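This report refers to the structure that appears directly beneath it.
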Amino acid sequence: MERFEAYLSAHLPGAPSFHPHYEEALHQMLKGGGKRFRPGLLLGVVRAYNPLLLESAYPVALAVEMLHTYSLIHDDLPAMDNADLRRGIPTLHKTYDEVTAILAGDALNTYAFELLSHAPLSDRMIVKLVRELSHNGGLNGMVLGQAIDCYFEHQRLELDQVKMLHIHKTGKLIAASLKMGAIIAGRDDLSQRLYDFGIDLGLLFQIQDDILDVTQSDEEAGKTTNNDSAKNSFVTLLGFEGAMDEAERVAGGLLKEIESFDESLRRELSPTLIKYIHRHKDS
């Protein structure tokens, strides 16, 4: 991942003009760090099965990170979560203004696909990758989840509805990252299994985020916390202990699935996965 981080730093989006801060706004959240969880999953699958294609996969992994970063920028806007802090730094609308934040998010969203289109892979493979990223990050994926999340603030949803919300908002882009890694590595036979695993992993990720939202300070989390009281979080619905129990249940299923992975995949993904699968216990 150090090599990916160097690749990201060397391939920040360029937009030279006389605008005083447009280009820097595009860079701010990308340079701000983050877990790089999604690109790490994608690259881990490629490394497990076809390491010779790892460098060719970097622009794809960066495209996923850019799409994810755009979603965070928009998620933090006053019209949505109205958050002041992200990745340990002020959110874009706080650093600049809402217009800049909206446009930077728009730019990263579309540039993700431009970057992906130039990846040194076959045109046929690029089309498959574009299809996965756009489907899971778009109207029937992450955006649908966000729409449900925002519309049903202050309205209590049932557990299966909350799961649907977060599978779309969080799970689908994580699942797509794993599936896209399988596509690049030429392991289409594993793509659906990894996608299904990613959906459950995304669900756990969201339950953990909801737990950490009520147990960590802004400084510890690097983002605005204790901001979900009006939202349909797992803690709001199940209570803290209930959310911890649900996290343990989902984590147990994921750990069993990891044990069934072949040696190459387990070697590449386990260190990252085990770390995150248990992170709610550190709350």
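All of the numbers you see were taken from the coordinates with simple rules; none came from a lab. Since this is a predicted model, take the numbers as computed values, not measurements. Note that each Cβ is placed from the backbone with ideal geometry, even for glycine, and that neighbours are counted across all protein chains shown.
Descriptive notes on the structure:
- Burial ordering of Phe18, Phe234, Phe113, fewest other beta-carbon atoms within 10 Å first: Phe18, Phe113, Phe234
- Summary value for the range 2-282: 20 percent relative contact order, contacts being C-alpha pairs under 8 angstrom separated by 6+ residues.
- Cα-centred dipole magnitude for the range 1-117, charges only on beta-carbon of K, R (+1) and D, E (-1), debye, nearest 20: 480 debye
- What you get for the chain, charging only the Cβ of Lys and Arg (+1) and of Asp and Glu (-1), is a dipole of about 740 debye around the Cα centre.
- Mean separation of Cα contacts under 8 Å, 6 or more apart, over the residue count of the range 90-244: relative contact order %: 19 percent
- Computed from label points 7 Å out along Cα-Cβ, the spacing between Glu257 and Glu219 is 3.7 nm.
- Under 19 Å from Lys128, Cα to Cα: aspartates and glutamates that are on another chain or at least 8 residues apart: Glu55, Glu65, Glu114, Asp188, Asp189, Asp196
- Taking label points 7 Å from Cα along the Cα-to-Cβ direction, Ser122 and Ser270 give a separation of 3.3 nm.
- In the chain, a dipole from Cβ-located charges (positive for Lys and Arg, negative for Asp and Glu) runs towards its positive end, and of Gln155, Leu52, Ile89 it is Leu52 whose Cα lies farthest in that direction.
- Magnitude of the charge dipole for the range 116-180, about its Cα centre and with charges confined to Cβ atoms of Lys, Arg (+1) and Asp, Glu (-1), is about 240 debye.
- Qualifying lysines (Cα of each under 24 Å from Cα of Lys275; at least 8 residues distant if same chain): Lys31, Lys35, Lys163, Lys169, Lys172, Lys179, Lys223, Lys256
- Only alpha carbons enter this Debye calculation for the range 2-282, each as an equal point scatterer, and the log10 of I(q)/I(0) it gives at q = 0.07, 0.08, 0.13, 0.14 Å⁻¹ is -0.24, -0.32, -0.88, -1.03.
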